[in-house]
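Taking it in order: structure first as C-alpha cells, then the write-up.
The values are calculated or read from the model by the stated rules, or taken from the named source; none is laboratory data. Predicted, not measured: the structure shown is a model, and the values here were computed from it. Glycine gets a Cβ as well: all are built from the backbone with ideal geometry, and neighbour counts include every protein chain shown. All accessible areas refer to the heavy atoms of the entire protein, side chains included, with ligands and DNA or RNA removed. Shrake-Rupley method; radii C 1.70, N 1.55, O 1.52, S 1.80 Å.
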Amino acid sequence: MTDVRIPVGVATGVGSWPGTDPREAAEIAIGELPALPHLVELPARGIGADIIGRAAALVVDMPFDASTTGYRLAQRIGTVTRTARDLLARDVDALEEAWELAGRRGTEQPIKVQTVGPLTLASQVELSGGHRVLTDRGALRDLTESLAEGVAEHAAEAARRLGSPIVVQLDEPALDAVLAGTLPGVSILQAPRALPEPEALALLQSTIERIGAPVLVHCCAADVPWGMLRRSGAAMVGFDVSTLRTADLDGVGELLDGGVDLALGLVPATAPGHTPSWRELAEPATRLLDRLGFARTLLSSRVVVTPSCGLAGASPEWARSALRAAGEVTRAFADGADPSGMP
C-alpha cells in the first residue's frame, strides 16, 4: 500500500453526501469521479454517521457513547459504537457492490476513504466528566493511537475487499481552534488551553505514519497551519480556495516547494445563486498559481479539484452537479484551457 500515490489532475469529493442511501451514493461517486472515487459519508442517518460518530466505528478499544453535547468516551461498547460500525459496514458493502458492477476490481484504481483527524476528534469527544479529550494529554495520546490503528485496519480491509489500493483523507476542520485555544470548555474558567504546535504536529505525524497509506489532510478552517501540515508527512493538503488571504500565499507555495500536492476546493458546497461556468470555477486556481509564480501546468500535475467542503448540506441535484463541475475543471486544466478566455 505504501507504493500507492494519490492521483493528481483529477476530481474527487471531500467526503459527506446528502441523503441516506449508501448504494445510490456509491454508484454516483464511482460514476462521477472515475479517477478517484471515495467512500461517502451520509450524516443525515443520524448518530454514528456524522464525522465524529463515524470514528466510533474505527477506534480500537475506546467505545463512544452519546452525551447531551455530542459524543463521550465510554467504559463498554453500547448503542453508539454498534450503530456506527453497522453504518460503516453498510457503506463498504455498497461501495464493494458498485465497484464490482462497474468492473473496477483489480484495476489498480485508487479509492479514497475519509476519517476525522486525531486533533479534531480529540477536540469534539468528551471524557466521562464532560471535559474534552484534548484537555487530558494521556487520553489524547491514547485516542490518537487508537484512531490510527483503526484507520490502518479499515484501509487494509477496504483494499482487500475492493481489490484496489486505498488512499486516506484526514479531516481536521477544528485544527485552528485546537492550536489557538479557542474551543469552549465546560465553563469559562475551564476552556481547553491551546495545544502547542509541536505536540499537535507529533500527533498528526504519528497518525499518518501508522496508517501506512498516502494521506490527504483536509482543513477547511480559516487559519490553516501551513507549515505544520507541510511537515506532517501528508502527501497532499486540501483546503477551500475561497478562504485564502494574502498571508496564506507563502504557506501554500511552501507546500508545493516541499513536494506536497494540493486538493483545491473550487466548487461551492451548496448551490450558488447561478450555475457557475468552468471558467468561473477555475479562475481562482489559475490566479493562485500566477500569484505564487508557479507554472499553470501544475494544475494538471500537482492538483486535485474538489468541492470546497463536504456536500451533506447540498441538494442531491447540486451534489451531483458539483462533482461533474469538478471533473470539468480538471479536464480544462489538462487541456491547458485559459479561464480568462484570452489566447
Problem set entry | For a label point 7 Å along the Cα-to-beta-carbon line of Asp257, residues of segment 266-303 with backbone N under 14 Å | 292-294
Problem set entry | Computed over segment 184-323: relative contact order in percent, which uses C-alpha pairs under 8 Å that are six or more apart | 22 percent
Exercise. Ser315 versus Thr297, label points 7 Å from Cα toward the beta carbon: distance in nm?
Worked result: 4.2 nm
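Report relative contact order for segment 118-214 in percent, whole number only (criteria: Cα-Cα under 8 Å, sequence separation at least 6).
Details: 110 pairs, mean separation 35.1, N = 97.
Worked out over segment 118-214, it gives 36 percent.
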Exercise. Rounded to a whole number, what % of the accessible area of the chain do carbon and sulfur atoms account for, probe 1.4 Å?
Worked result: 50 percent
Exercise. In terms of modelled amide H atoms, which long-range or inter-chain residues lie less than 5 Å from the amide H of Val267?
Worked result: Thr306, Ser308
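Rounded to a whole number of µm²/s, how large is the Stokes-Einstein D of segment 219-301 at 20 °C and 1.002 mPa s, given Rh as the Kirkwood radius over C-alpha pairs?
Numbers: Rh = 13.5 Å.
Translational D for this selection: 159 µm²/s.
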Exercise. For a paramagnetic label modelled at 7 Å from the Cα of Arg210 toward its Cβ, which residues of segment 52-84 fall within the zone defined by backbone nitrogen distances under 13 Å?
Worked result: 58-62
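May I ask you to derive the FRET efficiency for His131 and Arg76 from their Cβ-Cβ distance with R0 = 25 Å, giving the value to the nearest 0.05? Could you put the intermediate results ahead of the total?
Values: r = 20 Å, r/R0 = 0.82.
The value I calculate is 0.75.
How high is the relative contact order of the chain, in percent, with contacts defined as C-alpha pairs under 8 Å that are six or more residues apart?
Numbers: 697 pairs, mean separation 71.4, N = 343.
Averaging sequence separation for qualifying contacts and normalising by length gives 21 percent for the chain.
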Seminar exercise, completed: In nanometres, the difference between 0.36 nm per residue of separation and the alpha-carbon distance of Ala271 and Ala222 is 15.5 nm
Exercise. Considering only DSSP beta bridges whose two residues both sit in the chain, what percent are antiparallel, to the nearest 5?
Worked result: 15 percent
Exercise. How about segment 115-197: which GluC sites (Glu not before Pro) there are in a DSSP loop, with at most 14 other Cβ atoms within 10 Å of their Cβ?
Worked result: none
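For Glu24 and Arg324, FRET efficiency with R0 = 22 Å and r from the beta-carbon atoms, rounded to 0.05?
Details: r = 16 Å, r/R0 = 0.73.
For Arg324 and Glu24, the calculated efficiency is 0.85.
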For this session: Give the accessible surface of the chain per residue, rounded to a whole number of Å², with probe radius 1.4 Å and ligands, DNA and RNA excluded.
Result: 42 Å²
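If each DSSP helix of 4+ residues adds -39,500 (n - 2.57) and the sum is divided by the residues in the chain, what number results at 222 nm, nearest 500 deg cm²/dmol?
Details: 12 runs with 146 residues, N = 343.
Calculated at 222 nm, the ellipticity per residue is -13500 deg cm²/dmol.
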Exercise. Once amide H atoms are built 1.01 Å from N in the peptide plane, which residues 5 or more positions from Gly238, or in another chain, come under 5 Å H to H?
Worked result: Val217, His218, Cys219, Ala263
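With only alpha-carbon pairs counted, each pair once and no self-pairs, how large is the Kirkwood hydrodynamic radius of the chain in angstroms? Let's see the in-between values first.
Numbers: mean 1/r = 0.0494 Å⁻¹.
Answer for the chain: a Kirkwood hydrodynamic radius of 20.2 Å.
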Problem set entry | trypsin sites (Lys or Arg not before Pro) lying in DSSP loop within segment 16-101, provided at most 12 other Cβ fall within 10 Å | Arg76
